[in-house]
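Enquirer: Okay, here's the structure, questions in a sec.
The values are calculated or read from the model by the stated rules, or taken from the named source; none is laboratory data. Every value quoted in this text rests on a predicted model; they were computed, and no experiment measured them. Cβ placement follows ideal geometry from the backbone for every residue including glycine, while neighbour counts extend to all protein chains displayed. Accessible surface is based on the protein model in full, side chains and every heavy atom, while ligands, DNA and RNA are left aside. Shrake-Rupley method; radii C 1.70, N 1.55, O 1.52, S 1.80 Å.
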Amino acid sequence: MFLKREDWIFVFSVVDYLGRIKYTLFLGRMLQETGIVWKMRKKSIQGVVKEISFRKLLYPLLTLAATLLVFLFVPFYRLWNPVKITSFDQIAEFYNKERNYVDITWETLYYSGYHYLENGKPVGSYYYALEEDVCYFVILLPEQTENQAEVLKQVHMTAKLVSGGKVLQELIKGMAEDLGWTAQGLSAVTSHIVVNGVNDTLFQSSLLFGVTILLAAAAGFTVGRLLLFIWHPFYYPACRRLHRYGSVKSHIRQINKERREENQNYGDLTVTRHYLIYRTKYEIQIIPLKDIFWAYKYSVYHRFRKQKLTYTLRAVGRRGVMVIASEQKKRDMDRLLEFLEEQIAGIRIGYKKEYERTAKKYRKAEKAKRKRI
């Protein structure tokens, strides 16, 4: 659109390279230099949070790198502020300086009889102007041509200066035959630069700029959030929710102590003396056992990704905290539900509408309580 083909190839090759390099070595060294422990203890919840947050940094960092490359290669300022052509010899001058976006007014344009095609469909028309003994070809939108009038007067346009290439040579050849000239003769007095007014560069550049800004903002926010979790693991959502049951630090100390003991493991879920913990490479969730009042499983068939049946467990607490463990084995979830039923008095096992209504009441009560606080 705005970049040449080789520029886009370079952009994607750089992004691909960033994805292939072992970025963990660089960030690991950076974190060590700033005092953050790189060798994280597996028995520590803080270490687990840091490890998860660090692992999730890759994609937002790549997104930030890609948006930076877009800002480096796409001349947004030039797109929004095209240079004004006051004399026609400036066309070649600005083109050679790569100031390709121009504001120009033609006194007279003549219809060439040829359409400008994109993907085999006519989207504009070729006109030409004779200025200072040079023939310039101009591509106009249908609404600018007054139903393909033979002659147009005082045509003002913003456009991009592009090289005509093989398409221009074919156009010159066809027009030479129509006019009874030789292609060499017409080519000798024709500029190789085409003034292309078909692409709405203002709309396209504004759209690209808006999307790039949104992606950069989202990626920047995500990076900042993950770095916060690395520096201060207690701010991680799973840790922060523990404040509903008292001191977060006290709960984390207790969890770390219990995780060093012998525990019950069911797939990605671990049951300690007082907590249910769900942990994967990219996530950790925690809920105190005494808060769980409802637990159930349901099946999910992955038709497109893995084409297999897995199970998701939901353990719902009275204080609005929930553990959702996806892609688990049925055997593990059956054993876990049996264990929870034995260990937690009054727990409801299995899905019922009645239990769902109760869960909603608990959530509303918790929200109302937090608002009062």
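Enquirer: Ignoring ligands, DNA and RNA, what percent of the 1.4 Å accessible area of segment 176-232 is carbon and sulfur?
Expert: Ligands and nucleic acids excluded, carbon and sulfur reach 69 percent.
Enquirer: For the pairs LYS97/LYS173; LYS297/LYS352; LYS297/LYS353; LYS249/LYS360; LYS97/LYS160; LYS257/LYS330, flag any whose C-alpha to C-alpha distance is greater than 19 Å.
Expert: In this structure, LYS97/LYS173; LYS249/LYS360; LYS257/LYS330 lie more than 19 Å apart at Cα.
Enquirer: Take the Cα radius of gyration of segment 84-170 and divide it by 2.2 N^0.38 Å, with N its residue count; two decimals is plenty.
Expert: 1.06
Enquirer: Longest span of the chain, sites excluded, free of GluC sites (Glu not before Pro) in DSSP loop with at most 11 other C-beta atoms within 10 Å?
Expert: Segment 263-373 is the longest.
Enquirer: Over all distinct Cα pairs, what is the inverse of the mean 1/r for segment 247-339, reported as the Kirkwood hydrodynamic radius in Å?
Expert: 13.9 Å
Enquirer: Taking the solvent-accessible surface of protein heavy atoms with a 1.4 Å probe, what is the per residue accessible area of segment 300-373 in Å²?
Expert: On a per-residue basis, segment 300-373 sits at 71 Å².
Enquirer: Tally up the carbon and sulfur contribution to the accessible surface of segment 254-373 as a whole percent, 1.4 Å probe, everything protein left in place.
Expert: Looking at segment 254-373 in its full context, I get 45 percent from C and S.
Enquirer: The chain: percent of C-alpha pairs farther apart than 28 Å?
Expert: 64 percent
Enquirer: Another one. Tell me, what is the per residue accessible area of segment 42-135 in Å², probe radius 1.4 Å?
Expert: Each residue of segment 42-135 exposes 53 Å² on average to a 1.4 Å probe.
Enquirer: Give a residue-ordered list of calculated ³J(HN,Hα) values for segment 234-249 (Karplus: 6.51 cos²θ - 1.76 cosθ + 1.60, θ = phi - 60°; whole Hz; x for Gly, Pro).
Expert: Working through the residues one at a time gives 5, 7, 4, x, 5, 6, 5, 5, 5, 5, 5, 10, x, 5, 4, 4 Hz.
Enquirer: Follow-up. Return one whole number: the accessible area per residue of segment 188-272 in Å², for a 1.4 Å probe.
Expert: Accessible area per residue: 52 Å².
Enquirer: Right, another one. Let's test this: bin the Cα-Cα distances of segment 293-373 at 10 Å from zero up to the farthest pair and state each bin's percent.
Expert: Whole-percent P(r) values from 0 Å outward: 17, 41, 28, 12, 2.
Enquirer: Under a straight-distance cross-link criterion of Cα-Cα below 13 Å, which aspartates and glutamates are reachable from LYS153, leaving out those fewer than 8 residues away in the same chain?
Expert: Candidates past the 8-residue exclusion: GLU107.
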